[in-house]
Structure formats: C-alpha cells, structure tokens
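Encoded as structure tokens, the structure appears first; notes follow it.
The values are calculated or read from the model by the stated rules, or taken from the named source; none is laboratory data. Since we're looking at a predicted model, the values are computed, not measured. Glycine gets a Cβ as well: all are built from the backbone with ideal geometry, and neighbour counts include every protein chain shown.
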Amino acid sequence: MEALDSLEVFDFGGSIVAPNGPDSDFLRDFLDFLNRWLRDDESRRAIMVVGGGSAARAWQKTARELAPDAPPESLDWVGIMATRLNAELVRTLLGSLCPDPVVINPMRDFPFTGRVLMAAGWKPGFSTDYDAVVLAERFKLRRILMLSDIAQIYSADPKLNPNARPITHLSWNEYRNMAGREWTPGAKLPFDPVAAAQAAKAGLTVVAASGRDLNNLEAILSDADFIGTVIGSS
C-alpha cells in the first residue's frame, strides 16, 4: 500500500476513550480538534486505532472469576470485541470523515477513501498497539502517536513509588526491559511488548503522551516542544 501525504497514526488507549463507559466530553473535544487539524490542510489523513478500555477489563474480569480455567485466547477475544465496540462508536461520531468499515485485519486489503480510517482489535495474542504498528508499516510511516491517560512513561509506577521519575526518551531495548517481552490479555502497559518488538524491528518511533492534553498534542503534530516519552529514534 502506498504512503499518503501527511498521514498520522493515533493509537488511543481505551482508558481515555472509555474509562468507565464512553467519555463524551473527551470524544467531543478530540473530534473538534481532529476536525480543525484536518481542515487546516486538505492533504492530512489520520488512522485511529482504539483500545478496549473499561469494557475490556470489566468483561475479562468477569470471565476470569466465573471461568478461571478459560484459556488466554478466550480472554483476548473478549477484549477484542470491546475494541471493536469503541471503534464503531468513534467511526459513527466521525460521520462522513470515515466512510469505510472499521479495519479488523490490518494484514488484508481494505479501502481508505475518507480522511480518517478506524481500526480495532485483530486476533488473540496481539493488542491494538500491534495493529497500529502493522498499519504504520503498510503506509511506510515512521512514527505512531500513542495517546493514553499518562503524560509520560515513568521509571516505576508513580502511584506506588514516590521516587518514580518521568522519562523523555527510551531505546526499544530499554523499553522492552521495563515492560517485559510477553503479551498478557488485559495487561495495563504503555505499549504492548509484542508490538514493541515489531516496532523495534521496523525502526518505528512511538511518541507516548497524554491524549487529553490537546494543546500538547498540537505541539507534537507541529514539531514543537512537548511533554511525552519518545521510544525508539530520537
């Protein structure tokens, strides 16, 4: 698939799209922001990949409690369906900007006729982060904007460790040493370890930042100073 001019991949954590059900205020503000960004330059396009959020974790929690012997693949499918629900919601809100169906298999051919392409979970063993990596590779892009409920990646969990410090840059090896190497359904990590391995192999850069701070997101898109963590190339 050929690269498109001015195309950005927005990899949204479900924790900001649907932290406890859909966050209408955030969705309204972000979609206003996205509309302005697209309107300012007709060549701009966006790929949006959405995680499962509270629905994924709540439904997986129930599955673990009531079916403790359920295989990880079954738990993954529960989470995947939550990502698809969130993606269909955002696609509906985008209206004519996103006329094509939600992409659920980034390895197959799919149409991209609008200004925005929505993607969701694919198959067990992979998170939506991995989908974002595959899509970035297919369109020959060099970076992914990973937007979540944290402003930066920390040296430890700041909620548990008062000495945790924010990190501005990590190599892929450094990140993978922090996050581990295996995918666990429902794991709350900044970036899925399986996706991290593929991103490192592809030479991609991931910019981790707060999805709610739209002024900061504008700075990232404008190549200005921003708050976040860059994983990969500087």
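May I ask you to verify whether PRO68 is modelled with pLDDT of 95 or more, part of a loop (DSSP other than H, G, I, E, B) and of a type outside the set (A, V, I, L, M)? Against the criterion (modelled with pLDDT of 95 or more, part of a loop (DSSP other than H, G, I, E, B) and of a type outside the set (A, V, I, L, M)), PRO68 does not qualify.
Picking from residues in segment 71-117 that are assigned to a loop (DSSP other than H, G, I, E, B) and among the aromatic types (Phe, Trp, Tyr), the one that is farthest from ARG44 (Cα to Cα) is PHE110. In segment 18-58, the residue that is farthest from MET118 (Cα to Cα) out of those that are in contact (Cβ under 8 Å) with a residue 24 or more places away in the chain and of a type in the set (Asp, Glu) is ASP41. Here VAL49 meets the list (1) in a helix (DSSP H, G or I); (2) within 16 Å of the chain's Cα centre (by Cα); (3) closer than 29 Å to ARG108 by Cα; (4) not small (Gly, Ala, Ser) almost entirely, failing just condition (1). Being more than 26 Å from ASP76 (Cα to Cα), among the β-branched types (Val, Ile, Thr) and without any contact (Cβ under 8 Å) to a residue 24 or more places away in the chain, is that true of even one residue in segment 95-113? Among the residues of segment 95-113, at least one is more than 26 Å from ASP76 (Cα to Cα), among the β-branched types (Val, Ile, Thr) and without any contact (Cβ under 8 Å) to a residue 24 or more places away in the chain, which makes the answer yes.
Can you tell me which of ALA46, ALA119, ALA56 is touching a strand residue (DSSP E or B) at 6+ places or on another chain (Cβ under 6 Å), closer than 22 Å to ALA196 by Cβ and not hydroxyl-bearing (Ser, Thr, Tyr)? When all the criteria are applied, what remains is ALA119.
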